[in-house]
Amino acid sequence: GDIVLLAKPVTLTEGDRVTLTTDVPVATDGTSKPEKLLYAVSLPPVHGQIEHINYPGVPISSYSQLDVVAQKVSNVHDNSHGAGQEALR
């Protein structure tokens with residue numbers, strides 16, 4: 001089926017951490033089983049990393065919709081000064 005992904009911008013400053021919630025990325029695929037959706041990080045943040053909150057400091061390259069619903073995934077800024085806007089994909 002068709003996949004719909006809605007995402008809102010998040011602002012991080014030096015050293016900040018933001019936990020991904022369904023307010024930021026939320027996806028549906030028409031199967032009525034959003035808990036089965038998996039996200040793959042193909043373009044990680046340049047000034048930080050995506051990590052599971054149970055394993056701080058360890059970057060991850062994928063996570064599930066259930067991880068997002070449970071607020072287990074964070075985007076962590078690396079403290080670099082003067083980092084401009086960036087996007088993760």
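The values are calculated or read from the model by the stated rules, or taken from the named source; none is laboratory data. If you're wondering where the values come from, they're calculated on a predicted model, not measured in any experiment. Heavy atoms of the whole protein, side chains included, go into the accessibility calculation; ligands, DNA and RNA do not. Shrake-Rupley method; radii C 1.70, N 1.55, O 1.52, S 1.80 Å.
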Q: Pull up the DSSP beta bridges for the stretch 37-77 and report the antiparallel fraction as a percent, rounded to 5.
A: 100 percent
Q) How large, in percent, is the carbon and sulfur part of the accessible surface of the stretch 37-77 at a probe radius of 1.4 Å? A) 61 percent
Q: Translational diffusion coefficient, Stokes-Einstein: compute it for the stretch 37-77 using the Kirkwood radius over C-alpha pairs as Rh, at 4 °C and 1.567 mPa s, and state it as an integer in µm² s⁻¹.
A: 126 µm²/s
